[in-house]
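Working notes, structure below.
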Amino acid sequence: MANVLDDGEISRALAVMAHPDDIDFSAAGTIALWTDKGIEVTYLMVTDGDAGGFDPAVPRADIPGIRQAEQRAAAKAVGVEDVRFLGYPDGMVVADLGLRRDIARVIRQVRPDRVILPSPERNFDRIYAGHPDHRAVGSAALDAVYPDARNPFTFPELLRDEGLEAWSAREVWIPGGPDANHLVDVTDSFDRKVAALRSHVSQVEHHHDLEGMLRGWLAANAESRGLPEGVLAEVFRVVNTA
């Protein structure tokens, strides 16, 4: 298992995700536990989720505002107030220097001890987790953690023009995946995870048993690691980036 920093050593965390709802499906139970302990958490969504939604009667121009509002409501359900959006087009994200700079900027602004980001690798066991935007954001965010945000000579304009000093995050947490090395028991925060996801009405209203689906996923995580029946868990690949 991973050598993970104790939550008491963590002051701030940053979640960098591709779309509104990504963090809630993957880690909202864990986020709720962190905010309960006084950890300040910021969400950075690379897109507004403008290619999402299922109702053709909703004008497409309305979708970004709807999904931003849903993500802010979901964040409040788990104790997060600072939610930011970069406004990249949904479905068209690439891990280029511009995205790396934009993420490095926020890392330097927030100065997190921990960064949560999607896996940059395709998961052939769970194809939906390997959305191209997820992989692009994972790759760019990992590069922003190392080396971009910590190197004062990378994107020097961030310091020169914006006064943003270099910053080194100490850990990266990658939710899910077959190579997970850390488990978080979210049994006590499961209801808040469900509440967060129910805030994403445009995305989940077609699920007839959202709570049952989530409970099944998290129970399987716990069971696969030998935990007793009834325990619910989110899993992560934790990487030391100090």
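The values are calculated or read from the model by the stated rules, or taken from the named source; none is laboratory data. Source: prediction; values computed, not measured. Every residue, glycine among them, receives a Cβ derived from its backbone with ideal geometry; neighbour counts consider all protein chains shown.
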Discussion item. On the basis of being modelled with pLDDT of 95 or more, surrounded by fewer than 20 Cβ atoms within 10 Å (Cβ to Cβ), more than 23 Å from residue 132 (Cα to Cα) and among the aliphatic types (A, V, I, L, M), does residue 69 make the cut?
Written reply: yes
Worksheet item: Looking at segment 56-66, is at least one residue over 23 Å from residue 204 (Cα atoms), over 17 Å from the mean Cα position of the chain (by Cα) and without any contact (Cβ under 8 Å) to a residue 60 or more places away in the chain?
Response: no
Item to complete: Please find, within segment 158-180, the residue that is farthest from residue 128 (Cα to Cα) out of those that are modelled with pLDDT under 95 and surrounded by fewer than 18 Cβ atoms within 10 Å (Cβ to Cβ).
Response: 179
Response to the item:
Expected output for segment 219-240 (first residue in contact (Cβ under 8 Å) with a residue 24 or more places away in the chain, partner among the aromatic types (Phe, Trp, Tyr), Cβ below 6 Å, 6+ apart or cross-chain) is 232/190; 236/173; 238/173
Worksheet item: When segment 203-213 is examined, which residues are found to be modelled with pLDDT of 95 or more and touching a helix residue (DSSP H, G or I) at 6+ places or on another chain (Cβ under 6 Å)?
Response: 210, 211
Item to complete: For residue 51, indicate whether it is exposed (fewer than 12 other Cβ atoms within 10 Å of the Cβ) and farther than 22 Å from residue 110 by Cβ.
Response: no
Response to the item:
The one condition residue 153 fails out of (1) over 19 Å from residue 235 (Cα atoms); (2) of a type in the set (Phe, Trp, Tyr); (3) free of Cβ contacts under 8 Å to residues at least 12 places away in the same chain; (4) in a helix (DSSP H, G or I) is (4)
